[in-house]
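The values are calculated or read from the model by the stated rules, or taken from the named source; none is laboratory data. Everything numeric here is computed off the predicted structure, so don't read it as measured data. Virtual Cβ from ideal backbone geometry, glycine too; neighbours counted across all protein chains shown.
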Amino acid sequence: MDYKKVVAERIKENVELDIETIEKLIEIPPKPEMGDYAFPCFQLSKVMRKAPNMIAEQLKNNINKDGFESVQNLGPYLNFFLDKSVFISETINKILTEKDKYGSSNLGEGKNVIVEYSSPNIAKPFHIGHLFTTSIGNSLYKILSFEGYNCIGINHLGDWGTQFGKLISAYKRWVDEDKLHKEPINELLRIYVKFHDEAEKDPSLEDEARMHFKALEDGNEEEVKLWTKFKDLSLKEFKKVYEMLNVEFDSYAGESFYSDKMDAVVNEIEDKGLLTESNGAKVVMLDEYNMPPCIIKKADGATIYATRDLAAAMYRKKTYDFYKNIYVVGTPQALHFKQVFTTLKLMGYDWADDCKHVGFGLVKFADKKLSTRKGDVIFLEDLLKEAIEKTLGIINENEKEKNKAIENKEDVAKKIGIGAVLFTYLKNNRERDIVFDWKEMLSFDGETGPYVQYTYARGKSILRNETNIGDLQDADYSKLNSKEEFELVKYLDGFQSSILNAIDKLEPSIVTRHIIEIAKAFNKFYNQINIKNTEDAKVKNARIKLVESSCQVIKNGLSLLGIDVVEKM
């Protein structure tokens, strides 16, 4: 039973507010003695022309209390106390019935959602910064799909633009073909960095690069052939990383896909009287929106990525008729997307309001600044391999200490190591910067991926030791009356709410934080309650079912983050 919805419906019977507003106002009190759900009555004060505490008392007297232990008013709040044994029984049975589907719904049925994420630049390193967009986008894709939305994951590859003119120029001057085929990204990065070094000495190289890109846009055979080569080599390398992360896409339509669609966009903007000339460039003026102009064509006639994003949005609406079009792109691009969305609105497309930019912070190392132009980058593949190696080292040390071998430890190290990295990117508000700290990231204590995975493995160990788990029928939930047991079940019950909240805010960390709280609550329960020595068989069965439920929800939650569980550790 969705108790929050029940609370909202009971309140709706007595007040003039819509059910969605009531649900958003309902709070979880900070202390158990204040109830399990609380409704603040401040918003009703103007409508009902009474003090909030008087409204709370009136509601307490009139509300249907069936299914609740009690309903009380504490000052301006109406507080609901659950019937604990019924609540625990219903929650656990629901989890164990629905299993992998627990927390899911058909909320988004019939609604197409575009999620654009990852989108690395061709011929450049797939570095640690790209994991921010990849992990957030992949998680949003999974979360939205879990709630019934039809998601289309798009890898909008950075495979067009003046940088390819630079790369073609650099290739023709300095490439080592042997190195290019052995380590393509390293060699392309080397010549790209060399181009910028040399261009500082000889600015005419920049003009040469612009000439090559214009030739590429015009379909010149030599430039197109080289560009295709760079793209094919890059994608082959990128897909190695996607396989490690178990990330897939429905479309790899990058910037180049829209190169033959941009003239129509430019013409439409011009036909609608929005195009203005400024210093030789063609722009859409956005002064009245307190934004600089949106550049549509540069002075040399070349298009810019704003033009391609306009073409992409229009193509996506026509092709997918999206409900939402989500761009998981760094926060520094916030102005760019405001310009693009505003231009779409000015063109008469109200669906521009359904286009959402999901920004995120930077990835930092305490002693490093990262720059592709300077060649100072950390390849994501190298980082993931290092995470696996470090985790394997920790496992080997633990084996020595405990004199106990772990089965399939290479696979375990991979799941924990990569999971630890992903968890780090997804555990805090996405707009916060990340400072890498291997020791903290791979710790089995604290708010980390390994801590949550270890909690799951601990629960599974309990279940393996209870050999009669398949025969469990009778369970006495009325005896699960400790604070630790009830708090754990409340977190399990709140799993779907955390998912819906994450969708509302397009913020996967809400799910991550909730899974952390479940792990914490489970470990408190585990440390306080001696399951093995519980004498009453029905109570023991109830506790075993609580363990099984906890494992199931942790597994479901980690799955939404793109993280695999480890059955034994």
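Selection over the range 16-70 of residues that are charged (D, E, K, R), surrounded by fewer than 15 Cβ atoms within 10 Å (Cβ to Cβ) and touching a strand residue (DSSP E or B) at 6+ places or on another chain (Cβ under 9 Å) gives a count of 2. When the criteria are applied in full, I114 fails the requirement of being in contact with a strand residue (DSSP E or B) (Cβ under 6 Å, 6 or more places away or on another chain) and closer than 26 Å to E381 by Cβ.
Residues that are under 22 Å from I529 (Cα atoms), at least 2 per element: which helices (runs of 4 or more DSSP H) completely within the range 392-479 meet that? Break it down stepwise before answering.
On the way: elements: 409-426, 438-441, 449-465.
Where helices (runs of 4 or more DSSP H) fall fully within the range 392-479 and carry at least 2 residues being under 22 Å from I529 (Cα atoms), they are 449-465.
For L233, the test of being closer than 30 Å to E183 by Cα, touching a His at 6+ places or on another chain (Cβ under 9 Å) and aliphatic (A, V, I, L, M) is passed.
Determine, yes or no, whether K532 is surrounded by fewer than 21 Cβ atoms within 10 Å (Cβ to Cβ), modelled with pLDDT of 95 or more and of a type in the set (K, R). In short, no. How about the range 18-43: which of its residues are modelled with pLDDT of 90 or more and of a type in the set (A, V, I, L, M)? Residues satisfying the conditions are I19, I22, L25, I26, M34, A38.
Within the range 510-520, can one find any residue that is over 26 Å from the mean Cα position of the chain (by Cα) and either under 30 Å from L140 (Cα atoms) or modelled with pLDDT of 90 or more (or both)?
Residues of the range 510-520 that are over 26 Å from the mean Cα position of the chain (by Cα), as a first pass: none.
Checking the range 510-520: not a single residue is over 26 Å from the mean Cα position of the chain (by Cα) and either under 30 Å from L140 (Cα atoms) or modelled with pLDDT of 90 or more (or both).
Yes or no: L226 farther than 25 Å from Y315 by Cβ, at pLDDT 95 or above and touching a Lys or Arg at 6+ places or on another chain (Cβ under 9 Å)? Criteria met by L226. Pairs are defined by a Cβ separation below 8 Å, a sequence spacing of at least 6 or placement on different chains, a first member in the range 276-289 that is touching a residue at least 60 places away in the same chain (Cβ under 8 Å), and a second member that is exposed (fewer than 15 other Cβ atoms within 10 Å of the Cβ); the pairs so defined are V284/T276.
Out of all the residues in the range 484-506, is one or more of a type in the set (K, R), at pLDDT below 95 and either under 20 Å from I136 (Cβ atoms) or part of a helix (DSSP H, G or I) (or both)?
We begin by selecting, within the range 484-506, every residue of a type in the set (K, R); these are 490, 505.
Then keep just the ones that are at pLDDT below 95; that gives 490.
Right, trim to either under 20 Å from I136 (Cβ atoms) or part of a helix (DSSP H, G or I) (or both) and you get 490.
Yes, the range 484-506 contains a residue that is of a type in the set (K, R), at pLDDT below 95 and either under 20 Å from I136 (Cβ atoms) or part of a helix (DSSP H, G or I) (or both).
Inspection of the range 329-349 finds a residue satisfying the criterion of being of a type in the set (D, E, K, R), in contact with a Leu (Cβ under 9 Å, 6 or more places away or on another chain), at pLDDT 95 or above and surrounded by 15 or more Cβ atoms within 10 Å (Cβ to Cβ).
Looking at N465, N428 in this structure, which one is over 28 Å from the mean Cα position of the chain (by Cα) and either more than 24 Å from G137 (Cβ to Cβ) or in contact (Cβ under 8 Å) with a residue 12 or more places away in the chain (or both)? Write out each step before concluding.
On the way: N428 fails: over 28 Å from the mean Cα position of the chain (by Cα).
Being over 28 Å from the mean Cα position of the chain (by Cα) and either more than 24 Å from G137 (Cβ to Cβ) or in contact (Cβ under 8 Å) with a residue 12 or more places away in the chain (or both) holds for just one of N465, N428, which is N465.
Those helices (runs of 4 or more DSSP H) of the range 18-129 in which 2 or more residues are farther than 21 Å from S478 by Cα and among the polar types (S, T, N, Q) occupy 52-62.
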